[in-house]
Structure formats: structure tokens, C-alpha cells
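The structure appears right after this line, and notes come after that.
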Amino acid sequence: MNYIFKKNCEDVDWNGVHGLLKRAGMAHPPAELIEKAFKNSYSVVFVYDDKRLIGTGRALSDGAYQAAVYDIAVEPSYQGKGLGRDIIDRLYDDIKECNIILYSRPGAEKFYEKFNFRRMLTGMALFKNKQSMMERGFTE
Ligand SMILES: CC(C)(COP(=O)(O)OP(=O)(O)OC[C@H]1O[C@@H](n2cnc3c(N)ncnc32)[C@H](O)[C@@H]1OP(=O)(O)O)[C@@H](O)C(=O)NCCC(=O)NCCS
């Protein structure tokens, strides 16, 4: 299958990104916020099957030595075909000089272990929605 990988925000249907994040079980803020987040990111990846959006990913970075990865999501019916790996690889191309941090959705940690990510022992977070993040297994 020839999938299309796009690394810019031109002509992105932000409601479509919202829907994909929701179906993938990810946080899915309003489409306007998602648009702002992706447009302000250092690196973005969108995957299409023809015109259908089927995958996303983005990275924040200082462009020097620190980066953070967010919103890695593949449309459920397309999961398990290597697209998650393709998204990580394409983001990595832009931030390979950097330390890269992320927080996994509970249950997806082993996906990131495939790319040599290791658990942080001193990672700390101050989430806006503290109670929900605790209940969903992100914090103690
Ligand atoms: C996690 C996710 C992005 C992986 O994408 P994918 O296209 O299904 O994954 P790939 O087919 O590229 O898999 C790459 C490797 O990771 C493994 N893998 C994928 N998902 C995994 C999971 N949840 N747990 C353990 N291993 C996983 C695959 O078996 C494969 O291993 P291999 O290279 O040894 O064969 C996708 O399943 C998804 O969108 N899930 C819901 C949202 C989510 O959890 N996002 C990431 C966490 S924030």
C-alpha cells in the first residue's frame, strides 16, 4: 500500500485530526486547539491513505538538544501495519540530535520500547486535569 506522509500543516482537516485522536483513544481537545498545537510544533507528520487521514504525530523541540513527542496515533483499522513506526521514524529524522521525552498512553509503553525509549525514573508532570490523569493511570 502506498501511503502518503505529509510533514506540514497545509490543507489539514483539523476536525479530521480531532476524530482520529478520539477514535485512537487519545486526548482530543477542540479542533482549533489541535490546529494551534500542530502549527506551533517543531515537526509534524500526517499519514494519508489517498485522501483519508489515518495517522498523526508531532514533536516539540528547541532545535538543539531537547525534544518531546506527542499525538502519535494511527486509525484503529490501520494499526499493526507499521505506520506507527513510520511516523516515529519521520519525526526522529528532525530531532535525532536531541534527547527525546514523551509520556505513553497506559498500555502503549511497549510500542515505544521498540524504539529504545526507556522508563524515566525522575519524570514529573503538572497536568491541568490532575484528577483525570491520575484516574487514567498517568500519575500516582
Ligand atoms: C500505538 C500505535 C501508535 C502503534 O501504531 P501501529 O501502526 O499500530 O504500530 P506498528 O505496526 O508500527 O508497530 C511497530 C512495532 O510496535 C509494536 N506495537 C505496536 N503497538 C504496540 C502496543 N500497544 N504494545 C506493544 N507493542 C506494540 C508492533 O508489534 C511492532 O513491533 P515489531 O516491529 O517488532 O513487529 C497505534 O496502535 C495507536 O494509535 N494506538 C492508539 C493510540 C496510542 O496508544 N498512541 C501511542 C501512545 S501515546
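The values are calculated or read from the model by the stated rules, or taken from the named source; none is laboratory data. Since we're looking at a predicted model, the values are computed, not measured. Here the Cβ positions follow ideal geometry from the backbone for every residue, glycine too, while neighbour counts run over all protein chains shown. Heavy atoms of the whole protein, side chains included, go into the accessibility calculation; ligands, DNA and RNA do not. Shrake-Rupley method; radii C 1.70, N 1.55, O 1.52, S 1.80 Å.
Side notes on the structure shown:
- Complete set of residues in the range 39-54 that are among the hydroxyl-bearing types (Ser, Thr, Tyr) and either under 12 Å from the mean Cα position of the chain (by Cα) or at pLDDT below 95 (or both): Ser41, Ser43
- Residue satisfying all of: in the range 79-102; near the ligand (Cβ under 6 Å from one of its atoms) and either in a helix (DSSP H, G or I) or modelled with pLDDT under 95 (or both); most open to solvent (accessible area, probe 1.4 Å) among these: Arg85
- Among the residues of the range 1-33, those that are open to solvent by less than 20 Å² (accessible area, probe 1.4 Å), within 15 Å of the ligand (Cβ to nearest atom) and in contact with a His (Cβ under 9 Å, 6 or more places away or on another chain) comprise Val17, Gly19, Leu20, Leu21.
- Taking the criterion of being open to solvent by 50 Å² or more (accessible area, probe 1.4 Å) and of a type outside the set (Phe, Trp, Tyr), the residues of the range 37-63 that qualify are Lys39, Asn40, Asp50, Lys51, Arg52, Leu60, Asp62.
- Among (1) at pLDDT below 95; (2) away from the ligand (no atom under 12 Å from the Cβ) - the single one Lys36 does not satisfy: (1)
- Verdict on Asp71 being under 20 Å from Arg136 (Cβ atoms) and not hydroxyl-bearing (Ser, Thr, Tyr): yes
- Any chance Arg105 is open to solvent by 70 Å² or more (accessible area, probe 1.4 Å) and modelled with pLDDT under 95: yes
- Counted residues, the range 52-69 - those being polar (S, T, N, Q) and in contact with a Phe, Trp or Tyr (Cβ under 7 Å, 6 or more places away or on another chain): 2
- Residue in the range 55-64 that is more than 19 Å from Asn8 (Cα to Cα) and either under 12 Å from the mean Cα position of the chain (by Cα) or touching a residue at least 12 places away in the same chain (Cβ under 8 Å) (or both) present: yes
- Selection count where residues are near the ligand (Cβ under 8 Å from one of its atoms) and on the phi > 0 side of the Ramachandran plot, scope the range 105-122: 1
- Inter-residue pairs, beta-carbon under 8 Å, first closer than 18 Å to Ile88 by Cβ and of a type in the set (Lys, Arg) and in the range 105-127, second within 9 Å of the ligand (Cβ to nearest atom) and not in a loop (DSSP other than H, G, I, E, B), 6+ apart: Lys114/Arg85; Arg119/Glu109
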